[in-house]
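Here's the structure we're looking at; comments come further down.
The values are calculated or read from the model by the stated rules, or taken from the named source; none is laboratory data. Predicted, not measured: the structure shown is a model, and the values here were computed from it. Ideal geometry is used to build each Cβ from the backbone, glycine not excepted, and the neighbour counts take in all protein chains shown. Side chains included, ligands, DNA and RNA excluded: accessible areas come from the protein's heavy atoms. Shrake-Rupley method; radii C 1.70, N 1.55, O 1.52, S 1.80 Å.
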Amino acid sequence: MGIQIAPSILSADFANLERDILAVADADWLHVDVMDGHFVPNLTIGLPVVERIAQVSPLPLDVHLMIEDPDRWAPRYAEVGAASVTFHLEAARDPRTIAADLRGLGARASCAIKPGTPVEEVLPLIDVLDMVLVMTVEPGFGGQAFMADMMPKLTTLREASDRAGRDLWLQADGGVARDTIQTVVAAGGDVLVAGSAVYAAEDRGAEIRALRALGEEVHHHA
Ligand code: DX5
Ligand code: ZN
């Protein structure tokens, strides 16, 4: 798998969501940030809105759950049509069961770690995961500064995936833009979330292609 770009609709115009979803159709995934005002201080959208987004989006949904009780809620997002569901390790009671439930519903299972969570906590789970999301900002808001000190987590995960003979997808989320994407890819990331970088651009399609091309320049693994 090459470099994949996942624009985050957190930076879209929520009053013109369908228009802004169609504007990023050149990407690989549509990144949908679900926040509950508890796990993170911010509050966005929930199941009924995600269900409608799944119906109108030309891209598969990459749902990022920044919510409490993902054991209960994560499978529901797969049921309404998310192709990939990411839950936070810090909020999960039984991450293996969540991953199994997601895969059982035909979705890709993904687990996220916040900047303060050591990568060692997610390593024992990679056999049941399709992707790991390494947060490169504190979750909750778009437009924050990229944390380059998270890169060793990606490298550790890439090495562990290679050692296991796996093609674990590694996602970075937060502050990914033209000036940071090559750092992420060189460290082992291959699925790049970009919210403000894509939506601030006049031509969203051109920005997505520029990000992908920059990533491909430094992408080595198969
Ligand atoms: C932050 C969200 C991100 C956010 C990224 O908690 O998970 O997906 O939209 O926004 P940028 O790309 O602007 O940092
Ligand atoms: Zn996100």
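Structure summary
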read-out: Helical mean residue ellipticity (222 nm; -39500 (n - 2.57) per DSSP H run of 4+; nearest 500) of the chain; value: -9500 deg cm²/dmol
read-out: Packing-based order for 99-112, 151-164, using average beta carbon neighbours within 10 Å, highest first; value: 99-112, 151-164
read-out: Accessible surface of region 4-219, 1.4 Å probe, proportion on carbon and sulfur as whole %; value: 50
read-out: MET35 accessible area, 1.4 Å probe, all protein chains in place, Å² to nearest 10; value: 10
read-out: Whole-number D in µm²/s for region 4-219 (Stokes-Einstein; Kirkwood sum over Cα pairs; 20 °C, 1.002 mPa s); value: 127
read-out: Label point distance in nm, ARG96-GLN144, each placed 7 Å from Cα along Cα→Cβ; value: 3.1
read-out: For VAL80, net neighbour charge (Lys/Arg +1, Asp/Glu -1) across residues whose Cβ lies under 12 Å away; value: 0
read-out: Neighbour net charge for HIS219 - beta-carbon separation under 11 angstrom, K R +1, D E -1; value: -2
read-out: Whole-number accessible area per residue in Å² for region 89-222, which is evaluated in the context of all protein chains at 1.4 Å; value: 42
read-out: Percent of beta bridges antiparallel (DSSP, the chain, rounded to nearest 5); value: 5
read-out: Assigned charges on the beta-carbon of Lys, Arg, Asp, Glu; region 4-219 dipole about Cα centre (debye); value: 220
read-out: Rough spin-label spacing in nm, given labels placed 7 Å along Cα→Cβ, for ASP167 and PHE14; value: 3.7
read-out: Relative contact order for region 4-219, counting Cα pairs under 8 Å that sit 6 or more residues apart, in percent; value: 19
read-out: Distance between modelled label sites at LEU105 and ALA25, nm, 7 Å Cα→Cβ extension; value: 2.7
read-out: Cβ-based net charge around VAL40, under 11 Å, with every Lys or Arg adding one and every Asp or Glu removing one; value: -4
